[in-house]
1. Tell me yes or no: at least one residue of region 151-164 is closer than 24 Å to residue 100 by Cβ, in the same structural domain as residue 219 (by TED's automatic domain parsing) and touching a residue at least 60 places away in the same chain (Cβ under 8 Å).
2. Determine which member of the set 238, 295 is in the same structural domain as residue 77 (by TED's automatic domain parsing) and at pLDDT 95 or above.
3. Confirm whether residue 209 is in a helix (DSSP H, G or I) and surrounded by 21 or more Cβ atoms within 10 Å (Cβ to Cβ).
4. Considering only residues that are at pLDDT below 95 and closer than 23 Å to residue 13 by Cβ, which ones fall in region 332-363?
5. If residue 107 passes every condition in (1) in contact (Cβ under 8 Å) with a residue 40 or more places away in the chain; (2) surrounded by fewer than 21 Cβ atoms within 10 Å (Cβ to Cβ); (3) closer than 23 Å to residue 360 by Cβ; (4) touching a helix residue (DSSP H, G or I) at 6+ places or on another chain (Cβ under 7 Å) but one, which one does it miss?
6. Considering 276, 263, which residue is in a loop (DSSP other than H, G, I, E, B), out of contact with any helix residue (DSSP H, G or I) (no Cβ under 7 Å at 6 or more places or on another chain), in the same structural domain as residue 392 (by TED's automatic domain parsing) and free of Cβ contacts under 8 Å to residues at least 60 places away in the same chain?
7. Check whether at least one residue in region 405-417 is under 23 Å from residue 17 (Cα atoms), touching a residue at least 24 places away in the same chain (Cβ under 8 Å), buried (at least 21 other Cβ atoms within 10 Å of the Cβ) and out of contact with any helix residue (DSSP H, G or I) (no Cβ under 8 Å at 6 or more places or on another chain), and report yes or no.
């Protein structure tokens, strides 16, 4: 993120178009991109990565991996090579590891560094410094990590002295969090013996899948009705593997919804990650009657992917259960846009998590709907959107609050509304989807 506050805002409008047509591949998944760098560092030899998301957050993780001893080279668009040092081979960084705005990168790397007998200092921008790290530090301390410095409430800047020999632990995570789980597993790679993480509610499993793909001894069993028990044998020798980063389902959501609501559209989105813990939006759109067909399902980088053919569809309102929220938490703003064109009411239950994202996303979505003549209600943490049966007035200007997903969602709305829809700032779209404008324009969208 090129500190969005310092750049003057750039308003952008999306104008109605007749149809969207063509093929595209959206940027690589951010979660897999971070982990590809980290597993490259922890393997001995050369890991090649294709389709890496070259956003600010991932590049900060790459810089941290370099500071810990990896040789990293960019070889072309999305193509990178990482010469790793292996588990146990990390060197002590000579400077602060600055993660900018990257919550995932900073938390995962605390696990990596904590599993090695080195001192490392973690910091980031004002927004990262507000985020609590206590939940990551607690299990690491049990594993033998010393917290030498931390700001109030376990926040950055944080200095850690890693464990010479990390203790294998059994740990039940207090909340479903892939970041807590991953930090423990990454620290446990250098621990002798078996480390067990128990989740009462399953969180995203990219770390487990990638550990197995790189050759770690890891097993996953169901725990209770919704949970998982993950067991990792420490001190494996990870072998470098080629990683093709699947297309990010959260980014794919924007062209998918745009094609569904713009009459006459026919679009193919290539290589989308189909991990069931990430496809809540697709499941919901199919329930609404979306014409989305899976083509060429395959495995890339340890993950299921498929090409998706999306055609304009008459959608119906549905009730989206709160249980689905973890698998689509970033997709609610663009689902609200799809719901505006559906027949009947779409009810999205249990959105409290949206109030603590980059902005209060629930309030921002509601204001954007209101500005464009779309009927909605908020009941507690539920959002109800009343569809206009394919007719949406548009014509509004939407306050993005520096939130890239709000900006892209309402630009999608403008493709199919009767009148152009404006957003007050497009600068932060570059954080997660730098190619959004040219890709949408190639399909026929009209932004000005």
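The values are calculated or read from the model by the stated rules, or taken from the named source; none is laboratory data. Quick caveat: nothing in here was measured; it's all calculated off a predicted structure. Cβ atoms come from the backbone with ideal geometry, glycine included; neighbour counts cover every protein chain shown.
1. Looking through region 151-164, at least one residue is closer than 24 Å to residue 100 by Cβ, in the same structural domain as residue 219 (by TED's automatic domain parsing) and touching a residue at least 60 places away in the same chain (Cβ under 8 Å).
2. 238
3. no
4. Once the filter is applied, which keeps residues that are at pLDDT below 95 and closer than 23 Å to residue 13 by Cβ, region 332-363 yields 358, 359, 361, 363.
5. Checking residue 107 against (1) in contact (Cβ under 8 Å) with a residue 40 or more places away in the chain; (2) surrounded by fewer than 21 Cβ atoms within 10 Å (Cβ to Cβ); (3) closer than 23 Å to residue 360 by Cβ; (4) touching a helix residue (DSSP H, G or I) at 6+ places or on another chain (Cβ under 7 Å), the one that fails is (2).
6. Just one listed residue meets the conditions, 276.
7. So far as region 405-417 goes, yes, one or more of its residues are under 23 Å from residue 17 (Cα atoms), touching a residue at least 24 places away in the same chain (Cβ under 8 Å), buried (at least 21 other Cβ atoms within 10 Å of the Cβ) and out of contact with any helix residue (DSSP H, G or I) (no Cβ under 8 Å at 6 or more places or on another chain).
Here's the yes/no breakdown for (1) outside any helix (DSSP H, G or I); (2) free of Cβ contacts under 8 Å to residues at least 12 places away in the same chain:
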position	(1), (2)
282	no, no
286	no, yes
293	yes, no
299	yes, yes
304	yes, no
309	yes, no
314	yes, no
